[in-house]
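No value in this document is a laboratory result; all are computed from the given coordinates. All values derive from a computational prediction rather than experimental measurement. As a convention, Cβ positions derive from the backbone with ideal geometry for all residues, glycine included, and neighbour counts pool all protein chains shown.
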Amino acid sequence: ILYFYDPRAWMTSATPAYSPAGDHYHTSVDAQNLTGPQRHRRVAANSRERRRMHGLNRAFDKLRSVIPSLENEKKLSKYDTLQEEKKKKTSISPLVAL
């Protein structure tokens, strides 16, 4: 029996499900299998999560806009954006302390 760990699992409150095929990862909560109020709550929760992620992505886009980069470079990942901002903050912190 193989169990697969997905590092994205912390992003969902759903319980990870075992994939017998081993080629994909899925969760046990699916709005299509729910009915009535449960489906309505799941759809509403998905909508809230989508709005939250859009807001987070807009914030990262704003942060990327103040990080110097070459025009022909591809967009920085969220991780790389945070690392670059951390470097920038560390480099200017001695100047701010004066």
Practice prompt. Can you tell me which residue within the range 48-82, out of those that are in a helix (DSSP H, G or I) and either in contact with a Gly (Cβ under 8 Å, 6 or more places away or on another chain) or of a type in the set (A, V, I, L, M) (or both), is surrounded by the most Cβ atoms within 10 Å (Cβ to Cβ)?
Written response: 63
Worksheet item: Quick one: is residue 45 exposed (fewer than 11 other Cβ atoms within 10 Å of the Cβ) and among the small types (Gly, Ala, Ser)?
Response: no
Practice prompt. Could you give me the residue pairs with C-beta distances under 7 Å whose first residue belongs to the range 46-63 and is without any contact (Cβ under 8 Å) to a residue 12 or more places away in the chain, whose second residue is in a helix (DSSP H, G or I) and exposed (fewer than 10 other Cβ atoms within 10 Å of the Cβ) wherever it lies, and which are 6+ apart or on separate chains?
Written response: none
